[in-house]
Amino acid sequence: MSRLPGRPREFDTDAAIDSALLVFRERGYHATSIKELSDATGLTAGSLYKAFGSKNGLFLAAFDRYTRTRSAALRQRTEAARSGRDKIAAVLRFYAESSHGPEGIRGCLVVASATELAVFDEATAQYIKAAMQRTEQLLLELVQEGQRDGSLSRALPTEQTARNLFALLQGYRVIGKKGLSEDEINGAVNAALSLLG
């Protein structure tokens, strides 16, 4: 006798992930309770555990959604720019747009997670570190591209410049939590670009 198919889930998994994502961004992993996730998603704790296995499982689903969405949007920006320097400017402005007003206050899931690495198991911590390394690697490649196409000086120390730019991006997201204005964050971007010559 064949088994009947399981009963389908009665909720939208993507919507649940998106709702949880907002909570994790605002509160961080450690400070977010299952009750807060339940309230945000409109699902019982049991439904969340059944769908995602654990709070960590839901976090990883939200983290994956956040990084994939932002990476795709960032790729569109850089592909539209011509030179290495222009692409770096596009990256800085992309991060700046997320670092002021309500979006800035909501915060960055990658930055929030990076400050909590000690609370994660090794596999999750490595997942977060890999996301950060991808961004730093992108910046390194853009600095190298700018030096090849002449939009950046070859005298710039390549790896250190990429690391400084990465630190700036993460810093934008941190100071954005205090409610920066668009003018304030754009001023920071212009200052960063002036350092590139």
All but one of (1) in a helix (DSSP H, G or I); (2) surrounded by 14 or more Cβ atoms within 10 Å (Cβ to Cβ); (3) over 13 Å from the mean Cα position of the chain (by Cα) hold for THR135, so report the exception by its number. (3)
All but one of (1) farther than 30 Å from ASP149 by Cβ; (2) of a type outside the set (Val, Ile, Thr); (3) in contact with a Phe, Trp or Tyr (Cβ under 9 Å, 6 or more places away or on another chain); (4) without any contact (Cβ under 8 Å) to a residue 24 or more places away in the chain hold for SER113, so report the exception by its number. (4)
Out of curiosity, is ALA72 assigned to a helix (DSSP H, G or I) and either open to solvent by less than 30 Å² (accessible area, probe 1.4 Å) or touching a Cys at 6+ places or on another chain (Cβ under 7 Å) (or both)? no
Filtering the range 151-163 down to residues that are touching a residue at least 24 places away in the same chain (Cβ under 8 Å) and out of contact with any Gly (no Cβ under 7 Å at 6 or more places or on another chain), which residue is farthest from SER98 (Cα to Cα)? LEU156
Check whether at least one residue in the range 185-194 is under 17 Å from the mean Cα position of the chain (by Cα) and of a type in the set (S, T, N, Q), and report yes or no. no
Quick check on the range 159-166. Is at least one of its residues modelled with pLDDT under 95, over 25 Å from ASN56 (Cβ atoms), out of contact with any helix residue (DSSP H, G or I) (no Cβ under 8 Å at 6 or more places or on another chain) and not hydrophobic (A, V, I, L, M, F, W, C)? no
Pairing a residue in the range 174-191 that is open to solvent by 80 Å² or more (accessible area, probe 1.4 Å) with any residue that is basic (Lys, Arg), where Cβ atoms lie under 9 Å and the two sit 6 or more apart in sequence or on different chains, gives LYS177/ARG106
Given the residues GLU26, GLU36, which is the only one that is open to solvent by 30 Å² or more (accessible area, probe 1.4 Å), touching a Lys or Arg at 6+ places or on another chain (Cβ under 6 Å), part of a helix (DSSP H, G or I) and over 19 Å from VAL189 (Cβ atoms)? GLU26
Note on the range 76-110: residues outside any helix (DSSP H, G or I) and touching a residue at least 40 places away in the same chain (Cβ under 8 Å) are SER83, SER98, SER99, HIS100, GLY107, CYS108
Can you tell me which condition LEU152 does not meet? The list is (1) open to solvent by 70 Å² or more (accessible area, probe 1.4 Å); (2) more than 22 Å from ALA72 (Cβ to Cβ), and all the others hold. (1)
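The values are calculated or read from the model by the stated rules, or taken from the named source; none is laboratory data. The structure displayed is predicted, hence computed values, not measured ones. For neighbour counting, all protein chains shown are included, and Cβ atoms are generated from backbone atoms with ideal geometry for every residue, glycine included. What goes into the accessible areas is simple: the full protein's heavy atoms, side chains included, and nothing from ligands, DNA or RNA. Shrake-Rupley method; radii C 1.70, N 1.55, O 1.52, S 1.80 Å.
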